[in-house]
Amino acid sequence: MILRRAIWIITLLWMSVIFYMSSRPIDLSRQDSAWVLEKINMATKEEALDLENVEAMSLQNWIRKTAHVIIFAGLSILLYVSLYGYVGKSIKTGFIAWILTVIYAITDEVHQYFVPGRGSQIQDVFRDSKGALVGCIIMVGIFLLIEKISWLNKLVSKIYNLDVNKDKLKKEV
């Protein structure tokens, strides 16, 4: 039970970080992307922050868009792990985790609409949704495999207290 709570806390923290990053003005977002370009030796910080530098601006845009996919894949993975056992097994959990991640992506874009210098883009929701789908597919695959391997299934059931829930249902009936 402690592990499940910890997973939910990590999931909520991840969502909070997304909200925080979306709350930051565009110039700070550009600085983050410039930092990445500098760290991978693609440009100096000055080059990366030069708005006239078309190549640097294009690379920064690519970094931000890729970050959308990765961050929302991570969120869907965390939601999947948090929800597993509550809503069902592998595929059903994956579908619900994907839906919840897409809903969060939509609310994130609505939130960005109200941040000075930021905008709301439907393309970002599509990127977030694609990332979420990738994360859910990975988790469905992993958990389908876990459900097929007896000793792993027992271990996961114990972690998620799934056997306890079955015993409670039998006593109630």
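Values in this text are rule-based calculations from the coordinates and carry no lab data. As the structure is a computational prediction, the values presented were derived from the model and not from experiment. Here the Cβ is made from the backbone with ideal geometry for all residues, glycine too, and neighbour counts use every protein chain on show.
What angle, in degrees between 0 and 90 and rounded to the nearest 10, separates the Cα long axis of helix 122-148 from the longest principal axis of the Cα atoms of the chain? That helix lies at roughly 30 degrees to the long axis. Considering only 150, 80, 14, the residue lying farthest towards the positive end of the dipole of the chain is 150, judged by Cα position with unit charges set on Cβ. Seen against the Cα atoms of the chain and their longest principal axis, helix 54-83 is set at about 10 degrees. Across segment 30-45, rounded Karplus estimates of 3J(HN,Hα) from the backbone phi angles (6.51 cos²θ - 1.76 cosθ + 1.60, θ = phi - 60°) give 4, 5, 4, 5, 5, 4, 4, 4, 5, 5, 9, 6, 8, 6, 6, 4 Hz, Gly and Pro being marked x.
Apply the Debye scattering formula to the chain, with a single equal point scatterer on each alpha-carbon and no solvent, then give log10 I(q)/I(0) at q = 0.13, 0.17 Å⁻¹. Listed by q, the Debye log ratios stand at -0.73, -1.02. Label-to-label distance for residue 5 and residue 148 is 3.6 nm, based on points extended 7 Å past Cα in the beta-carbon direction.
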